[in-house]
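What follows is a short report on a single structure.
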Amino acid sequence: MNTLLRIASYLLVLIIGLGTGYYLGAEINRARSLAFDIVEVGYFRAYLDMQMSEGTDAAREEALHTFLALNEKRRTRPSEFFTEKMLATDSALAYALLAALANKRSSTQEAQQYLNRAESFCPKIGWRECSAEQITNVVQHSDKHGIFNEGADK
C-alpha cells in the first residue's frame, strides 16, 4: 500500500505541475502578445504622427491607409486591449481625415465615399449621436496639423 500511495502522490504532483506550467505558459504568451501589439501600435502611431505633421498630403494618405490596414488586421485577432469599439472609432476618424485630404485636392466624390465609410462604423462606435458630420466635427476639433485649414501648404 505504501508504494501505491507514493505513486499516486507522484502522479498528483505531476498533474499539478503540468497544469500550473500550462497556465503560466498561456499567461506569459498572452502578455507577450499584448506587449508586441502595444509596441507595434506605439511605433506606428509615431510614424503616423510624423507623417501627419511633416508629410505631404500623399504621404499622409498613405500613412492613413496603412493605419486602416493595421486596424483590419487587429479585427481578425480578438484582444482585450483593442476592442471592436476602439478599432471602429479609429477607423471612422481615419476615414474622415482621408475625406478631408480628398476634399483638399477637389476630389469630392472620393471624399463622399470616405465619409460614407466613416459613417458605416457608427453602429459599432457607441456614440449618442453618430453621423459623417459628427465624425468630421470630432476630427476637425482635434486636428493638430491643419488638414482642415484652407491655407495649409502641406
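The values are calculated or read from the model by the stated rules, or taken from the named source; none is laboratory data. Not measured: the values here are computed from a predicted model. All Cβ positions, glycine included, derive from the backbone under ideal geometry; neighbour counts span all protein chains shown.
Overview of results
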quantity	calculated
Residue list for segment 28-44, filter: closer than 16 Å to Lys73 by Cα, surrounded by 12 or more Cβ atoms within 10 Å (Cβ to Cβ) and not aromatic (Phe, Trp, Tyr)	Ser33, Leu34, Asp37, Ile38, Glu40, Val41
Residue check, Cys130 modelled with pLDDT of 90 or more, under 25 Å from Val41 (Cβ atoms) and out of contact with any helix residue (DSSP H, G or I) (no Cβ under 7 Å at 6 or more places or on another chain)	no
Test for Gln113: is it modelled with pLDDT of 95 or more, closer than 18 Å to Ala69 by Cα and not hydrophobic (A, V, I, L, M, F, W, C)	yes
Where Ala99 falls short, out of the listed (1) under 30 Å from Arg32 (Cβ atoms); (2) modelled with pLDDT of 90 or more; (3) of a type outside the set (S, T, N, Q); (4) touching a Phe, Trp or Tyr at 6+ places or on another chain (Cβ under 6 Å)	(1)
Among the candidates Ser53, Ser9, residue that is loosely packed, with under 13 Cβ neighbours inside 10 Å and closer than 23 Å to Ala99 by Cα	Ser53
Leading residue by the ranking (farthest from Thr83 (Cα to Cα)) among those in segment 119-138 that are acidic (Asp, Glu) and part of a helix (DSSP H, G or I)	Glu133
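Condition check ((1) within 25 Å of Ile125 (Cβ to Cβ); (2) more than 14 Å from the chain's Cα centre (by Cα)) across all residues:
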position	(1), (2)
Thr3	no, yes
Gly42	yes, no
Ser53	no, yes
Leu64	yes, no
Leu70	yes, no
Ala88	yes, no
Ala94	yes, no
Leu98	yes, yes
Arg105	no, yes
